[in-house]
Amino acid sequence: MAEYDVWAPDYDDWAADMTEDVPFYVDLAREAAEPIVELGIGTGRIAIPIARATGKRVIGIDRSPAMLAVGRDRAGELPVEFREGDFRDFTLEAPVDLVICPFRALLHAATWPDKRRVFESVAAALKPGGRFAWNSFVFSPFIAARIHDQRQTRGGDLWEVVRHVPADNRIDLTRGRGDREDGMVRLWWVTKSEWEGLLDVAGLEVEALYGWFDKRPFDDESLEFVWVARKPWA
């Protein structure tokens, strides 16, 4: 069972406080030919607004059958295709203009080979000049020290406990609702130079690095990486 299956019924509640990324990815989709490809589509939090706003077809890939089922129900007749698959090794029928991976989903790739496989798969899926956009948090030791092993509420009766494992560049998130514990998911944080290295080995070029979805410059105070990369024309 994929780790997110158990959270599928509550996922939209967990993600309710993240809204500022939606217009960013919708704007990128407006500039691209269809289909748009989303890695880690989940319940369609980004894909559905893209399809609704642009009318363009979206192909979404995710490992969780339960999340995909929720997404299909939510999408209704919109042109969103929910495919079960592994974003490390996805393939498409034809190259595309735009691949996105929102909401820090790339942090589920545990090792350097895992991450490299994702980026190489993306590069193979893009047309020359095509874009790859994604975001992830910037690891902050100051925030980590403050919230380590602390139980935090997340709206209503949702809660999570974050445990940091510096030796593995890992964050363990244990989540639940009320008296119920639903399980744990792991994220592996990535530094700026590591992201740049992944782009380099995949043959992609940086178009932009922002510090938030409003396209503010990335600087020493930034807490989010918002990347847009491009496949060279030749």
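If we keep just the residues of the stretch 210-234 that are small (Gly, Ala, Ser) and surrounded by fewer than 19 Cβ atoms within 10 Å (Cβ to Cβ), which is modelled with the lowest pLDDT?
ALA234
If I go through the stretch 21-52 residue by residue, how many of them are over 17 Å from VAL122 (Cα atoms) and among the aromatic types (Phe, Trp, Tyr)?
Total meeting the criteria: 1.
Identify, from the list PHE87, PHE82, the residue that is within 19 Å of VAL228 (Cβ to Cβ) and touching a residue at least 24 places away in the same chain (Cβ under 8 Å).
PHE87
Report, by residue number, each residue of the stretch 1-16 that is assigned to a loop (DSSP other than H, G, I, E, B) and either modelled with pLDDT of 80 or more or under 13 Å from ILE46 (Cα atoms) (or both).
Selection gives TYR4, ALA15, ALA16.
Suppose we filter ARG175, ARG170 for residues that are of a type in the set (D, E, K, R) and at pLDDT below 95; which single one remains? Give the derivation first.
Numbers: ARG170 fails: at pLDDT below 95.
On inspection, the qualifying residue turns out to be ARG175.
Is it true that PRO113 is more than 17 Å from LEU199 (Cα to Cα) and surrounded by fewer than 21 Cβ atoms within 10 Å (Cβ to Cβ)?
Values: more than 17 Å from LEU199 (Cα to Cα): no; surrounded by fewer than 21 Cβ atoms within 10 Å (Cβ to Cβ): yes.
Spelling it out, it is not the case that PRO113 is more than 17 Å from LEU199 (Cα to Cα) and surrounded by fewer than 21 Cβ atoms within 10 Å (Cβ to Cβ).
Condition test on GLU207, is it assigned to a strand (DSSP E or B), in contact (Cβ under 8 Å) with a residue 40 or more places away in the chain and exposed (fewer than 14 other Cβ atoms within 10 Å of the Cβ)?
Against the criterion (assigned to a strand (DSSP E or B), in contact (Cβ under 8 Å) with a residue 40 or more places away in the chain and exposed (fewer than 14 other Cβ atoms within 10 Å of the Cβ)), GLU207 qualifies.
Kindly provide the set of residues from the stretch 82-101 that are closer than 18 Å to ALA2 by Cβ and buried (at least 20 other Cβ atoms within 10 Å of the Cβ), ordered by number.
Passing the criteria: PHE82, PHE87, CYS101.
Kindly establish whether ALA125 is at pLDDT below 95 and within 27 Å of GLU31 (Cβ to Cβ).
no
Kindly evaluate LEU198 against the criterion of being part of a strand (DSSP E or B) and either without any contact (Cβ under 8 Å) to a residue 60 or more places away in the chain or assigned by TED's automatic domain parsing to the domain that holds ALA32 (or both).
no
If you go through the stretch 123-142, how many residues are in contact with a Leu (Cβ under 9 Å, 6 or more places away or on another chain) and either assigned to a helix (DSSP H, G or I) or over 21 Å from TRP195 (Cβ atoms) (or both)?
3
Please determine whether any residue of the stretch 170-188 is touching a residue at least 12 places away in the same chain (Cβ under 8 Å), assigned by TED's automatic domain parsing to the domain that holds LYS115 and of a type in the set (Ser, Thr, Tyr).
Scanning the stretch 170-188 turns up no residue that is touching a residue at least 12 places away in the same chain (Cβ under 8 Å), assigned by TED's automatic domain parsing to the domain that holds LYS115 and of a type in the set (Ser, Thr, Tyr).
Among the numbered criteria (1) over 30 Å from ALA124 (Cα atoms); (2) of a type in the set (Lys, Arg); (3) surrounded by 11 or more Cβ atoms within 10 Å (Cβ to Cβ), which one does ARG146 miss?
For ARG146, the failing item is (3).
Residues in the stretch 72-85: is at least one modelled with pLDDT of 95 or more and closer than 23 Å to TRP212 by Cβ?
no
Specify the residue that is nearest to LEU204 (Cα to Cα); the eligible residues are those in the stretch 54-104 that are in a loop (DSSP other than H, G, I, E, B) and acidic (Asp, Glu).
Per the stated criteria, the residue is ASP89.
The values are calculated or read from the model by the stated rules, or taken from the named source; none is laboratory data. Bear in mind that the values here come from a model prediction, so they are computed numbers and not experimental data. Here the Cβ is made from the backbone with ideal geometry for all residues, glycine too, and neighbour counts use every protein chain on show.
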